[in-house]
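Presented below is the structure to which this report refers.
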Amino acid sequence: MYGTIKKLFVASAFVTLCSIASLYVGSRVAATAPPTQAANALAAQFGGDPGDGWMLAGGLLMVVAMALCGAASMLWFREKQGG
C-alpha cells in the first residue's frame, strides 16, 4: 500500500512541476506579445490574450495535482490508522 501512496505523491509533485512550468510559459508568452484588441466588446470579456491557453492548462494541472495529493493523503491516514 505504501508503494501506491508514494506513487501518488510522486505523481502529484510531477503534475505540480508541469503546472508551474505551464504557468511560467503562459506568463512569458503574454509578456512578450503585443496587446491585442478584441473585435467587439463581448469578445473582450473572454480574454483572447496570448498565453491564456497556457495559463488555463497550468491552473487545471494544479487542480489535478491537488486531487492526487488529497487522494494520497487520505490513503496515508487510513493506512496509519490501520483500517
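Over the chain, with the other protein chains present, what is the accessible area per residue in square angstrom, probe 1.4 angstrom?
73
With angles folded into 0 to 90 degrees, how steeply does helix 52-81 sit against the dominant principal axis of the chain? Use alpha carbons for both and round to 10.
10
Which residue, ALA30, ALA21, ALA41, has the most motion in a Gaussian network model of the chain that connects Cα atoms within less than 10 Å?
It is ALA41.
Can you tell me the alpha carbon radius of gyration of the chain divided by the globular rule-of-thumb value 2.2 N^0.38 Å?
1.57
Rank SER12, SER73, SER22 by mean-square fluctuation in a GNM of the chain with C-alpha springs under 10 angstrom and give only the top-ranked residue.
Greatest mean-square fluctuation among the candidates belongs to SER73.
Do the sum for the chain: with -39,500 (n - 2.57) for every DSSP H run of n ≥ 4, divided by all residues, what is the mean residue ellipticity at 222 nm, to the nearest 500 deg cm²/dmol?
The helix-only estimate for the chain comes to -27500 deg cm²/dmol at 222 nm.
Please give the charge dipole size of the chain, origin at the Cα centre, charges +1 on K and R Cβ atoms and -1 on D and E Cβ atoms. Round to the nearest 20 debye.
Using only the charged Cβ atoms, the result is roughly 400 debye.
With every protein chain in place, what's the accessible area of THR16 (1.4 Å probe, Å², nearest 10)?
About 40 Å², rounded to the nearest 10.
Between ALA72, ALA39, ALA11, which gets the highest mean-square fluctuation from a Gaussian network model of the chain, Cα cutoff 10 Å?
Of ALA72, ALA39, ALA11, the most mobile in the Gaussian network model is ALA39.
Within the chain, what whole-number % of the accessible surface is contributed by carbon and sulfur, with the 1.4 Å probe and all protein chains included in the calculation?
71
Counting other Cβ atoms within 10 Å, which chymotrypsin sites (Phe, Trp or Tyr not before Pro) in the chain have at most 12 and lie in a DSSP loop?
PHE46
The values are calculated or read from the model by the stated rules, or taken from the named source; none is laboratory data. It should be emphasised that the depicted structure is a prediction, and the values quoted were computed from it without experimental measurement. A quick note on method: Cβ atoms are made from the backbone with ideal geometry, for glycine too, and the neighbour counts reach across all protein chains shown. Surface accessibility is based on the protein's heavy atoms, side chains included, excluding ligands, DNA and RNA. Shrake-Rupley method; radii C 1.70, N 1.55, O 1.52, S 1.80 Å.
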